[in-house]
Amino acid sequence: MEIDIKQVLLQLLNFGILVALFSKFAFKPLTKILDDRSKKIAEGQAAAEKSLKELANTEKKQAEKLAEASKKAAAIIAEAKAESKKLGVELIAEAKNVAAVELAKQKESFQKELEGEELKLKARIADLVVETTKTVLSASLSASELKSITAKELSKLK
């Protein structure tokens with residue numbers, strides 16, 4: 001078996017042409033497609049990481065807003081409780097004042113009524129004393145003596 005140099009050179013030339021054609025029409029487009037795909041995958045991963053970070057930030061902001069809203073709600077509730085206690089105390093004080101004024105009016109009215117009844121009673125007692133004295137003394141005293149005794153007794157009652 002002999003090696004023909006021409007044939008080896010032709011085979012090398014054919015192999016070179018095939019490598020050049022495959023390189024130009026098959027290998028370069030395939031590497032370009034693979035590179036584009038790698039870039040898209042990297043971009044997708046970067047976008048996913050960015051979305052995860054944004055989601056974490058959004059959740060953190062929501063938690064902060066919720067905590068702030070809870071604090072505001074607690075403050076509003078505490079303020080409302082304090083206001084209602086204050087209002088309750090004011091209402092109780094006002095009711096006590098009204099009751100005291102009404103009680104004073106009732107006492108005054110009762111006192112006036114009592115004084116009026118007392119005056120009527122004194123007048124009635126004076127009349128009774130006069131009648132009794134008249135009856136007892138009518139036989140033994142003169143009219144002028146009877147008048148002076150009655151006047152004395154009336155002045156004592158007043």
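The values are calculated or read from the model by the stated rules, or taken from the named source; none is laboratory data. Quick caveat: nothing in here was measured; it's all calculated off a predicted structure. Quick reminder, even Gly has a Cβ in these numbers, built from the backbone with ideal geometry, and neighbours come from all protein chains shown.
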Exercise. Would you pick out the residues in the stretch 123-133 that are under 15 Å from Ala151 (Cβ atoms) and touching a residue at least 12 places away in the same chain (Cβ under 8 Å)?
Worked result: Ala126, Val129, Val130, Thr133
For this session: Give the residue, chosen from Thr58, Thr150, Thr135, that is of a type in the set (S, T, N, Q), in a helix (DSSP H, G or I) and surrounded by fewer than 10 Cβ atoms within 10 Å (Cβ to Cβ).
Result: Thr135
For this session: Only one of these is surrounded by 10 or more Cβ atoms within 10 Å (Cβ to Cβ) and at pLDDT 80 or above: Ala126, Ala100. Name it.
Result: Ala100
Exercise. Across the stretch 54-112, what is the total count of residues that are among the acidic types (Asp, Glu) and within 23 Å of the chain's Cα centre (by Cα)?
Worked result: 5
